[in-house]
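Chemist: Pasting in a structure now, in structure tokens, and then I'll have a few things to ask.
Computed from the coordinates by the stated procedures, all read-outs in this text should not be read as laboratory data. Please read these numbers as outputs of a predicted model, since none were measured by experiment. As a convention, Cβ positions derive from the backbone with ideal geometry for all residues, glycine included, and neighbour counts pool all protein chains shown.
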Amino acid sequence: MSYNKYSEELPNRSKKRVLVKTPKNTKANLISARVTAIISKSIYVKTDDNQEYEAILRGVINSTNRESSLIAVGDYVKIIPSDNHQKQSNLPLCTIEQIEKRTTSLSRKSSGYEPFEQIIASNITNVMILVATVNPDYNLKLIDRIVISAELNNLNPIICVNKIDLIDLEEIREDFRIYQDHGIDVHFISVYNKINLQALLDALNGKEVALIGQSGVGKSTLVNWLFASELQKTNEISSFNFKGKHTTSFVKMFDYNFDNKIEFKIVDSPGIKEFGIWGLEKSDLPFYFKEFEDYSISCKFQPCTHTHEPGCAVIQAVEDEKIRPIRYQSYLNILDSLE
């Protein structure tokens, strides 16, 4: 969840349009903080000394985020605390004066009349794509889109396959081998039956991870298991800023610390049905399908889109079953969606 600079979904206390200006001089009394949650129309931040505030955006704000969501979970900000408290949360209030430049982000193309870059989480290291074996069935084309978006934004993807207790694992391993062959960690787990969870924790140690996936795959159940508490509701269904329906009505960053041996941050996000890639040129797409590399150099025409050209070695490799047809179809679908 994030706010675009033209969004009308600002907190109720700040309905006016937010103007963005490039940072110049900062005030001496500004305090550093990080956005830890955006719940409905409320923004929450935490300072370096773990003081939490509910925040409002200044009417004219310093930010470098001119072409994307104005603010998102994970953003580093500068705030000015106030003496007031928010009645519902009982947290002290602050004003966000400045939003720092993002080092990384997981983003997607927003749906709407005028698409923009919608930031799901910022300043993170990894993206964990959580899927289920069944209920709902995993969608390899959706996985491809998120993997490409992660790599495009210099993030390391992790694929986590939940509910392995419900199927014969050997029946699906081949579907995920292509990702493993490309150096992506794939974990087969069951949160319900506590299968392979320790290996997953070890893999997350020291990372800051955005958790993303379809509704029903077990994102909230995983977060609740991590913290031995029902932090996220798993039954209530509501609509939100992402397409489709889901069980998480907000985006929040959680800190995990087990006996000072395993520590990481994880950002839970609403369930998704679709994922539009932002910022990818059509000519660059083939490079994200690494199995094309062995064949594309032999294409008769260069550059080759691998769609219709005579003498295309990639198309021939698909016909010879050296490249999986489902991967090639995924490539075509993504290519068709790019402007």
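Chemist: Note the angle between two axes, namely the Cα long axis of helix 140-152 and the longest principal axis of the Cα atoms of the chain, as a number of degrees from 0 to 90, rounded to the nearest 10.
Modeler: For 140-152 against the chain, the angle is about 60 degrees.
Chemist: Which order do the peptides 155-164, 30-39, 59-68 take when ranked by the mean count of other beta-carbon atoms within 10 Å per residue, highest first? Intermediate results must be reported in sequence, preceding the final value.
Modeler: Details: 155-164: 22.3, 30-39: 19.4, 59-68: 16.7.
Highest to lowest by the protection proxy: 155-164, 30-39, 59-68.
Chemist: Tell me which label goes with the value of Rg and Dmax of the Cα atoms in Å computed from the coordinates here: [x] 26.1, 95; [y] 21.4, 71; [z] 21.0, 62.
Modeler: [y]
Chemist: I've got another one for you. Can you give the calculated 222 nm mean residue ellipticity of the chain, where each DSSP H run of n ≥ 4 adds -39,500 (n - 2.57) and the sum is split over every residue, rounded to the nearest 500 deg cm²/dmol?
Modeler: -5000 deg cm²/dmol
Chemist: For the chain, just give the cysteines left without a disulfide-compatible partner, judged by no other Cys Cβ under 4.7 Å.
Modeler: CYS94, CYS160, CYS312
Chemist: Against the longest alpha carbon principal axis of the chain, how many degrees, from 0 to 90 and to the nearest 10, is the axis of helix 325-337 turned?
Modeler: Rounded to the nearest ten degrees, it is 50.
Chemist: A further question follows. What residue among GLU114, GLU208, GLU321 has the largest mean-square fluctuation in a Gaussian network model of the chain, using Cα springs under 10 Å?
Modeler: Answer for the Gaussian network model of the chain: GLU114.
Chemist: Determine, for PHE188, PHE292, the number of other Cβ atoms within 10 Å of each Cβ, and report the residues in order from fewest to most.
Modeler: Arranged by neighbour count, lowest to highest, PHE188, PHE292 become PHE188, PHE292.
Chemist: Of the listed pairs LYS41/LYS194; LYS41/LYS141; LYS163/LYS322; LYS41/LYS265; LYS101/LYS252; LYS141/LYS300, which have alpha-carbon separations greater than 25 Å here?
Modeler: LYS41/LYS194; LYS41/LYS141; LYS163/LYS322; LYS141/LYS300
Chemist: Further question: Tell me, how many Å apart are the Cα centres for the stretch 267-339 and for the stretch 93-109?
Modeler: 32 Å
Chemist: Another question, then. Quick check on the exposure proxy: order MET128, MET253 from fewest to most C-beta atoms within 10 angstrom.
Modeler: Ranked by crowding around the Cβ, least crowded first: MET253, MET128.
Chemist: Next question. Return the long-range amide H neighbours of ILE71 (sequence gap of 5 or more, or a different chain), with a cut-off of under 5 Å between placed amide H atoms.
Modeler: HN-HN under 5 Å from ILE71: TYR3.
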